[in-house]
Amino acid sequence: MPFRRKKISVIGSGQVGATCALMLASRGVGDVVLLDINLGSAKGKALDILQTAAVQLFDSQVQGTADYADTAGSDVVVVTAGSPRRPGLTRDDLLSINAHVVASCCREIKKHSPQAVVIIVTNPLDAMCFVAKRELDFPRERVLGMAGILDSSRFRTFVALELGVSVRDVQALVMGGHGDSMVPMPRHCFVGGVPLTELLEPARIEALVERARRGGDEIVKLLETGSAFYAPAASVVQMAESILRDQRRVLPCAALLEGEFGVSGLFVGVPCVLGGRGLEKVCEIKLDAAERTAFDYSVGRVQALVDDLARLGL
Ligand code: A3D
């Protein structure tokens, strides 16, 4: 069989999408198609990224388009299309605008890349995953949301800054829905193998948890226009790479739960094994009483978003 490079399509060539395309191409994960309703943005950014190859030395092809036919047969499709958060605009406000965008993108993805693993990034994340799953009707293994890696990388960053250590040696887990109700799990945070709870007082840990929880807002306020994109894009690339290279990494992702953690029919952030088939496994861990309460509250918030979709007829 002739060798075929992996193909990744990124829908939406805005801040997150274009950064994803750059990172995917420069890591040599595969050939990248960048699609946007704004053809000039997709083509211009794709060409610009391609021209970094001579300097960054990669062989990936990068194509910009507004035509889904060019995305046909993608192994992974990343959906970043939609409106970003703006100051004063909550994730929930985006529900209506972005549900229509994600549904229309997923109809095209289903038509052109029926075997793809689809990674949703558009906010409000957990609700957009729900819309995507409904439109795609793919098995749950092939519909995932990116949030937990970003949320936990924020927490890891703040822990590393606080302790003055390398972030490489800080492991952390954030579960639950993406947003204010996310559930950072200090009990599962380790610094060079030492539990965080032995290194910092509970009040300091709580302050870092709170900063991670508001990590997106902090950046929205600083930027004044748009929202974070470097760390979100890097988080997407980690998911895509684990799938495309069958790395079987254990990463916190939004996955459709089918009874795990006592939840069914909702996308919630949980530790997942990502490999060649997409979601290989949900890792069900024991939650203590406080974690259970926080997780259940977060799941309730995801359910409320899904209920809003129904109420709005989305
Ligand atoms: P932005 O830079 O505005 O890019 C969005 C792009 O989508 C624009 O180029 C639009 O032209 C394009 N677009 C709009 N509608 C369509 C459509 N129907 N088909 C194709 N393209 C379309 O936004 P951004 O890149 O900063 O953010 C993109 C999305 O990701 C937003 O919903 C953000 O809220 C979300 N986001 C999520 C996270 C998570 O952690 C989950 C992090 C960062 C951003």
- Give the order of Ser13, Ser41, Ser152 when sorted by the count of other beta carbons within 10 angstrom, beginning with the fewest. Ser41, Ser152, Ser13
- Exposure proxy order (Cβ contacts within 10 Å, fewest to most) of Leu244, Leu287: Leu287, Leu244
- Folded to 0 to 90 degrees: helix 148-163 orientation relative to the chain principal axis, Cα: 50 degrees
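For the chain, give the magnitude of the charge dipole about the Cα centre (Cβ charges: +1 Lys/Arg, -1 Asp/Glu; no others), in debye to the nearest 20. Could the numbers behind the result be given before it?
On the way: 35 positive and 36 negative charges, 122 e Å.
Once rounded to the nearest 20, the dipole reads 580 debye.
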- Task: Hand me the tally of lysine pairs in the chain: alpha carbons under 22 angstrom apart, and the pair either on different chains or 8 or more positions apart.
- Result: 12
- Task: Give the calculated FRET efficiency between Lys111 and Gln51 to the nearest 0.05, with a Förster radius of 41 Å applied to their Cβ-Cβ distance.
- Result: 0.85
- Message: Rounding to the nearest 10 and keeping the result within 0 to 90°, find how far the Cα-based axis of helix 125-136 lies from the longest principal axis of the chain.
- Response: 40 degrees
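Could you line up Ser166, Ser60 from fewest to most neighbouring Cβ atoms inside 10 Å?
Numbers: Ser166 10, Ser60 22.
Least to most surrounded, the residues fall as Ser166, Ser60.
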- Item | Unit charges on C-beta of K, R, D, E only; dipole of region 7-145, Debye | 200 debye
- Query: Once Lys and Arg get +1 and Asp and Glu get -1 on their Cβ, which of Asn123, Cys283, Ala234 lies farthest toward the positive end of the dipole of the chain?
  - Reply: Ala234
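For region 1-117, calculate the relative contact order in percent as a whole number, restricting contacts to Cα pairs under 8 Å that are 6 or more residues apart.
Working: 208 pairs, mean separation 33.5, N = 117.
Once divided by the residue count of region 1-117, the mean separation gives 29 percent.
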- At most 15 other Cβ atoms within 10 Å and a DSSP loop assignment: could you name the trypsin sites (Lys or Arg not before Pro) in region 263-297 that fit? Arg277, Lys286
- Message: Given the options Val170, Gly82, Gly12, identify the residue whose Cα lies farthest towards the positive end of the charge dipole of the chain (+1 on Cβ of Lys, Arg; -1 on Cβ of Asp, Glu).
- Response: Gly12
- Can you give the calculated 222 nm mean residue ellipticity of the chain, where each DSSP H run of n ≥ 4 adds -39,500 (n - 2.57) and the sum is split over every residue, rounded to the nearest 500 deg cm²/dmol? -13500 deg cm²/dmol
- Query: Between Ala304 and Asp93, how many nm apart are label points set 7 Å from Cα along the C-beta direction?
  - Reply: 1.7 nm
- Message: Contact order normalised by length for the chain, with contacts defined as Cα pairs under 8 Å and 6 or more residues apart; what percent is it?
- Response: 17 percent
- Note on the structure: DSSP beta bridges in the chain: the antiparallel percent, rounded to 5, is 50 percent
- Message: Which one, Cys283, Cys20, Cys105, has the greatest fluctuation when you compute a Gaussian network model over the chain with C-alpha springs under 10 angstrom?
- Response: Cys283
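FYI, it's all coordinate maths here, none of it is from the lab. Remember, predicted model here, so these are calculated numbers, not experimental data. Methodologically, a virtual Cβ is constructed for each residue, glycine included, from the backbone with ideal geometry; neighbour enumeration extends over all protein chains shown.
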